[in-house]
Structure formats: structure tokens, C-alpha cells
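Structure first, then comments.
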Ligand SMILES: [Zn+2]
Ligand SMILES: [Zn+2]
């Protein structure tokens, strides 16, 4: 366990004290029976208006994807078996992710994680055995104060009653941020060998849910999955809050 879980519980307790019943997305006051996020925000955040590829979670046209993949991933060597997203990276979901990351809003990460768990619980079949967040380099999580993927993963794990192994993967290289790199090949090169496994890690025969906040070309998740493959898990399923491939 890292130090994030107790801090998160503390943060949440504090927020409940300061804002007794407010939607953490739209800030609307809630009735005594309502929980954050409010029904209308949760409906908007959890409704994906598009058909998605089961292999890479890209938006695709109707009937354009199969288990073999879609136009975006059919020729890609993916080290994960499937990918789920909560939605596309736009509108309210994009605003919430930007606020979570750049507003350093750890409580929002918790709120989103709990809501995401409700949506994922109905879609994950078979159920994973373990949740692994995509790590940030320590200098980056130190600067932000938390790793949003780890807070999301722990929140998911709590709700789905699964173990969260936040220390299996380590980011051993501080890479330039993928957001500033355009071409898929350059993004792939940027994260090559960026991850390492902690000694004594064991995922043999397990179904792993690999959690990240945003997936763009998938290079980071794919490199993390490639590293995890050394531990011979049965399956690696990627779960991202939002998919940012603008096609
Ligand atoms: Zn709301
Ligand atoms: Zn695809």
C-alpha cells in the first residue's frame, strides 16, 4: 500500500465536512438522498455515444470493429487483450479529467473512480483478479502531489473488491510528456523501456486490469502491458477513463 490511500480517505472526509452535499462535477447542491456525482452528471459522463473497438477502444463506425480489431489497431502489435473506456475525451468527461490532473484535484479522482467502478462492474466479464495502475515517474507524481491513475485504480479496486498492485510497475525513465509528441512512432519510441518490474512481483495466470486516465495512441498502455507480460498473466485488459484518438 502506498501513502495515497490514507491521504485520500482523509481528503474525502475533509471534503464531506466542507461541502456536505454537493455534486463534485457540477457543484450543484444535492438533496439528502443524492450522492455525488448527481444523476445528470453521472448519466452524461457514463454514456458513450459511439461504438468502440473491443481491442483498442477507438471510436469506430457501426460494424467496423471485431475481436480482430479496427482500422486503427488491426496492424498494431498490442500487448493487451482488450480495452474499455468510459467515454471519448470530450465534453464533460474531458473537463473533469483536466480538472483532476491539472487542478490537482485528488478528490475528483476518487469520485470519478467510484462512478467508473459502477459502470465497469457490468462490463467486465470475466472479472479481473488484480488492478494495476500505469505509474508516473516519481518526479512527476511528486510535482502533482498524486498519480491520478493510481487514485483511480485504488478507487476502482475498493468498489470492485479487488486487490490493487500499485507497486508492481515502476516508471524507470522520466520521458517527455506524450501530449507534446504527435506521431505514433515517436510516441512509441518515447516510452520504450520506460517501465520496470519490481522484484518479486507475481501475476502468473492472473487477469490484470491495467488502469490509466487517458489513452491516445495507446503507446504508453501498450509498453506497460509489454512489461507486465514478463510476469505471464493470463490476460491484460486496459481500462481508461477517456479515449483521445480524434478519428
Ligand atoms: Zn452534477
Ligand atoms: Zn481497434
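The values are calculated or read from the model by the stated rules, or taken from the named source; none is laboratory data. The structure displayed is predicted, hence computed values, not measured ones. As a convention, Cβ positions derive from the backbone with ideal geometry for all residues, glycine included, and neighbour counts pool all protein chains shown.
Before moving on, here are some points about what is shown:
- In the stretch 51-76, residue nearest to the chain's Cα centre (by Cα) [restricted to those that are touching a residue at least 24 places away in the same chain (Cβ under 8 Å) and over 25 Å from residue 127 (Cβ atoms)]: 59
- Residues satisfying the stated conditions in the stretch 194-211, i.e. in contact with a strand residue (DSSP E or B) (Cβ under 6 Å, 6 or more places away or on another chain), surrounded by fewer than 21 Cβ atoms within 10 Å (Cβ to Cβ) and at pLDDT 95 or above: 206, 207
- Residue in the stretch 53-79 that is nearest to ligand 2 (Cβ to nearest atom), counting only those that are crowded, with 23+ Cβ neighbours inside 10 Å and farther than 20 Å from residue 229 by Cβ: 53
- Residue check, residue 37 more than 10 Å from ligand 2 (Cβ to nearest atom), at pLDDT below 90 and closer than 25 Å to residue 164 by Cα: no
- Residue ID - farthest from residue 157 (Cα to Cα), chosen from residues in the stretch 91-118 that are in contact with a strand residue (DSSP E or B) (Cβ under 7 Å, 6 or more places away or on another chain) and buried (at least 18 other Cβ atoms within 10 Å of the Cβ): 93
- Within the stretch 90-108, tally of residues that are more than 11 Å from residue 25 (Cα to Cα), without any contact (Cβ under 8 Å) to a residue 12 or more places away in the chain and assigned to a helix (DSSP H, G or I): 2
- Those residues of the stretch 166-193 which are crowded, with 20+ Cβ neighbours inside 10 Å, without any contact (Cβ under 8 Å) to a residue 60 or more places away in the chain and touching a strand residue (DSSP E or B) at 6+ places or on another chain (Cβ under 7 Å), in sequence order: 169, 171
- The single condition among (1) in contact (Cβ under 8 Å) with a residue 60 or more places away in the chain; (2) more than 11 Å from ligand 2 (Cβ to nearest atom); (3) in contact with a strand residue (DSSP E or B) (Cβ under 6 Å, 6 or more places away or on another chain) that residue 82 does not satisfy is (2).
- Flag: residue 217 matches the condition of being more than 20 Å from residue 108 (Cα to Cα), under 15 Å from the mean Cα position of the chain (by Cα) and part of a loop (DSSP other than H, G, I, E, B).
- Subset of the stretch 27-77 [on the phi > 0 side of the Ramachandran plot and in a loop (DSSP other than H, G, I, E, B)]: 27, 57, 63
- Tally, over the stretch 109-146, of residues that are touching a residue at least 40 places away in the same chain (Cβ under 8 Å) and either assigned to a helix (DSSP H, G or I) or closer than 20 Å to residue 35 by Cα (or both): 13
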